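Student: Following this message is one structure expressed as structure tokens.
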Amino acid sequence: MRERSLTTLICLFLLSSTVPAATATGPSDSIIWGFTYDWANLDDDQETMTGVSPLQIFEDLEQAAMIAKFDLEALSVISGNSYIFIEQWEDESTTQIEDGDGDEHTVIVRHTEITLRHGSRNDQGIVTFWEDANSSIDISYRASQDALALFDIVYTEYLTSNLEHIGADMSITGSASQESELGLELDLRGGGESYDADVEFAVSSGISVDSITSEWRALEPIDILHQMSIDGSEFDGCWDICGMVSGDYTVSANYDFSLSGIPTEEIGLSADVLDLSISDTVISAGAFYENFDTGYFASDRTPACNGLNPQMQADLGTGADVEVQCRQVIPPFSPGLLGMFAISLSSSFTDSSAFEAAAEELAEEIGSITDEVEDDIQDNESSADDIFVCDDGTEIPAYWVNDGEEDCPDGSDEYGTDLDGAEAMIEAWANSDLQSTMSTFMETLQELVSDNVENPVIDMEDACLTTLWDSSESMVVGAAWMQDGYMIVGPEIDGVGDHSVQFGIEYLVGDDARAAQAAASNLENLGDLAPPSQHDARDIDGLVGDEESESGIFVPGVGVLSTLALLGASALSQRRNE
């Protein structure tokens with residue numbers, strides 16, 4: 001368990017909160033349920049759950065800046081869709097298989113298919129400008145991110161008549177990728193110094209699973225599902241003695257990183273030393289043979305679901321209501337699937353010499369860039385040929401600056417201090433009203449945010465978030481979010497009415513889920529999942545003066561980064577004074 005535990009938890013998170021995908025091959029009476037989410041609803045849903053409006057936060061930032069007497073404008077937009085469906089069914093007849101010791105067993109064949117599709121676009125922009133008599137800070141920031149995940153997971157497990165595991169087979173296909181872009185324009189002035197930058201940063205990465213097929217065979221029948229049916233079993237699992245997983249894989253990974261626009265000459269480096277472009281694609285195929293392990297969490301039945309009976313009749317879309325227990329059971333599918341997914345995926349991407357070689361090559365390339373920068377710094381430190389540009393454009397030797405004589409016609413080489421470069425700029429900021437401006441800004445922002453935080457429409461402390469457990473089949477057959485005795489997200493349950501609060505999450509079962517799953521399985525690119533026609537970032541492009549930009553993507557924390565930049569400058573100035 002020890003080394004696999006972290007991998008298992010990570011894969012549980014991925015399977016439970018990201019986006020899988022499967023081909024709808026189950027029978028018409030299979031148990032199928034799932035969710036869809038439209039990310040355009042995120043702001044409204046966040047306000048409903050927290051009482052904080054993201055749009056109001058942006059307005060508070062701008063108003064606080066106005067009161068503090070500097071300019072700040074910020075915009076954000078997100079769009080896209082996510083789909084996840086879990087389908088389960090059993091074959092009508094039994095079959096015979098051998099366990100890991102070669103003993104034959106008559107088994108029930110149970111199938112699980114997970115369909116995951118996710119695509120999103122997120123854009124943010126911010127511009128801010130502050131100035132006093134001798135100093136100014138002008139920042140324009142534009143960031144974007146595209147995310148895409150497409151996975152099909154087909155899992156078949158073999159169970160005795162007592163629902164003990166003999167083993168399972170699994171196949172995984174799919175891909176995940178993320179592309180981010182960032183543009184940062186800076187114009188900093190103070191103390192006779194100026195610093196201009198137009199930085200562009202882009203990074204993309206992805207993995208592709210052309211095929212992973214794996215087989216698990218236990219050494220003897222293993223009782224996992226029965227343990228999950230016991231109230232209060234909490235964290236448990238199958239570690240180290242549960243047989244082996246073997247498999248084959250064909251996978252690939254890629255990355256592309258570029259950076260340009262850093263004014264290296266102004267900080268004493270060669271012109272292109274920090275203009276970087278690094279990319280690689282690694283393809284690997286092979287086989288693995290590992291110990292099987294997995295884990296799960298199962299709580300007591302939950303009568304705390306707003307006073308509801310913990311055993312209820314739910315409409316799962318099978319034509320007849322099913323008795324379910326209100327329990328927290330994780331994962332919401334067989335723990336055998338979780339274990340095989342974790343082992344198969346981690347083995348495919350860590351046991352390959354191709355990936356090891358690529359990692360070593362990347363480390364060497366980064367090390368080479370670092371060495372080049374260090375050599376450049378040493379060379380420049382020993383150079384006597386540096387040039388200082390006066391405010392009127394006259395060039396003089398850099399070592400004439402602040403030597404007690406005015407060598408520039410306009411005297412801009414003498415500041416009446418022994419400071420130069422960034423130190424002179426920071427000193428000028430320290431003697432300006434920047435710190436008082438930022439103090440006013442932070443105090444005002446805190447007041448505005450406090451005034452504009454409303455009580456949430458719903459109180460999450462009273463929420464009943466639960467999976468629905470079918471004890472007769474020993475499987476999770478759905479999930480529910482109930483609030484104040486009403487259903488917010490989940491299937492129809494006898495005695496439970498729908499809540500008046502609406503979210504962007506749509507919960508589907510039966511034929512509705514089957515149709516949505518089939519449609520989602522055909523969504524194969526970002527344009528399908530997050531159509532450009534539904535993502536209008538033109539206002540952000542206009543804000544940052546990038547009218548020709550193609551809208552799309554996001555790097556988090558735009559407003560925070562800009563605010564921190566100003567605060568950092570103020571803090572440095574204050575420390576300098578002290």
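Quick note: the coordinates plus some simple rules give every number you see, no bench work behind them. Since the structure is predicted, the reported quantities are computational estimates derived from the model, not experimental observations. FYI the Cβ positions are ideal-geometry reconstructions off the backbone, even for glycines, and counts take in every protein chain you see.
Student: Under the rule of at least 5 residues apart or a separate chain, name every residue whose amide H is placed under 5 Å from the amide H of Gly51.
Tutor: The list, which skips near neighbours in sequence, is Val457.
Student: For Asp512 and Thr95, calculate 0.36 nm times their separation in residues minus their Cα-Cα distance, and state this gained length in nm to one decimal.
Tutor: Between Asp512 and Thr95, full extension yields an extra 147.0 nm.
Student: Ranked by Cβ crowding within 10 angstrom, fewest neighbours first, how are Met66, Met170, Met438 ordered?
Tutor: Arranged by neighbour count, lowest to highest, Met66, Met170, Met438 become Met66, Met438, Met170.
Student: How large is ³J(HN,Hα), in whole Hz, for each residue of the range 316-323 in order, when computed from phi with the Karplus curve 6.51 cos²θ - 1.76 cosθ + 1.60 and θ = phi - 60°, using x for Gly and Pro?
Tutor: 9, x, 9, x, 9, 5, 10, 6
Student: Taking K and R as +1 and D and E as -1, what net charge do the other residues with C-beta under 11 Å from the C-beta of Gly51 add up to?
Tutor: Once positives and negatives cancel, what remains is -3.
Student: Now for a different question. Using the per-residue mean of other Cβ atoms lying within 10 Å as a proxy for protection, in what order, highest first, do the peptides 91-98, 475-482 fall?
Tutor: Result, highest mean Cβ count within 10 Å first: 475-482, 91-98.
Student: May I pose another question? Go through the range 121-137 residue by residue and turn each phi into a ³J(HN,Hα) via Karplus (6.51, -1.76, 1.60, θ = phi - 60°); whole Hz please, and just put x for glycine and proline.
Tutor: In residue order, the calculated couplings are 10, 9, 10, 9, x, 8, 10, 8, 9, 10, 7, 10, 4, 10, 9, 7, 9 Hz.
Student: Tally Lys and Arg at +1 and Asp and Glu at -1 over the other residues with C-beta under 12 Å from the C-beta of Ser120: what net charge comes out?
Tutor: Charge balance near Ser120 sits at -2.
Student: Need the C-alpha centroid separation for the range 434-508 versus the range 347-364, integer Å.
Tutor: Centre-to-centre distance over Cα atoms comes out at 42 Å.
Student: What is the order of Trp429, Trp89, fewest Cβ neighbours within 10 Å to most?
Tutor: Trp89, Trp429
Student: If you add up the charges near Asp403, with Lys and Arg at +1 and Asp and Glu at -1, over every other residue whose beta carbon is less than 9 angstrom from its beta carbon, what do you get?
Tutor: -4
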